[in-house]
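Each reported figure results from applying straightforward, stated rules to the coordinates on display, with no laboratory input. A quick note: this is a predicted structure, and the numbers were derived from the prediction, not measured. All Cβ positions, glycine included, derive from the backbone under ideal geometry; neighbour counts span all protein chains shown.
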């Protein structure tokens, strides 16, 4: 049921922790949540479980379970949170209860799980591609997620692979590297060593959307990540993403996300 309907994927977010980061205690009535916290220190809690964090932490919250965390970056290493939120009715809630631990910390570096989550977050903003491309990666995330009462299993540490053709992978990398200056169709076709027409067909076939739609989604993703960092003023975010004014950026962001930048930043249910 979970993978029959792409609209069940509600939210995908990632955020690099550069100082301290707090998500206030909150709960969702009809959502279940997966968070992978990599390299952070601090505390997290789900329901009655509270834990000091170390190494990699897997957080799982069913609908109605209060959860939140206070995180800090302990040193120069990358410290990041990957977040996925899914719709969940009572039937699915009963099926999943007890399957995943609510809070498991001290895990070794989970390369495969992190890699799969990066793809889910990267593609999750583009609703047109939520079928054939995204759902297998989401299934991979859930299959790799540590299970409650499971024996120690190192297979989930194996690195996942990316099966994109070299040319399309280079084009996607160019889009991801330039959120403030999205590349033109001609630039993308050139780096992919294809004609613009052939590139457009290949991209649409692979991703289910145009390169422009994908580039817009990646720009939204960059905006959301920057807004989660309280050290960045909204004006700074607008300029960093290439918008000439905060007003233009705010209108664009609200059109894409449904709330203003300040509302998005202040909501405890963002993650």
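Quick look at the values:
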item	result
Folded to 0 to 90 degrees: helix 246-257 orientation relative to the chain principal axis, Cα	70 degrees
Over the chain: Kirkwood hydrodynamic radius from C-alpha pairwise inverse distances, Å	19.6 Å
Computed [θ] at 222 nm, deg cm²/dmol, the chain (DSSP H ≥ 4; -39,500 (n - 2.57); rounded to nearest 500)	-11500 deg cm²/dmol
Fewest-first sequence of 117, 188 by Cβ atoms within 10 Å of each Cβ	188, 117
Principal-axis tilt of helix 196-207 within the chain, Cα atoms, nearest 10 degrees	20 degrees
Rounded to 10°, Cα long-axis angle of helix 111-124 versus longest principal axis of the chain	50 degrees
Alpha-carbon centroids, segment 9-62 and segment 192-254: separation in whole Å	26 Å
Residues 246, 23 arranged by fewest to most Cβ contacts within 10 Å	246, 23
The chain: relative contact order as a whole-number percent, Cα under 8 Å and 6+ apart	18 percent
Residues 216, 166, 14, 210 arranged by fewest to most Cβ contacts within 10 Å	166, 210, 216, 14
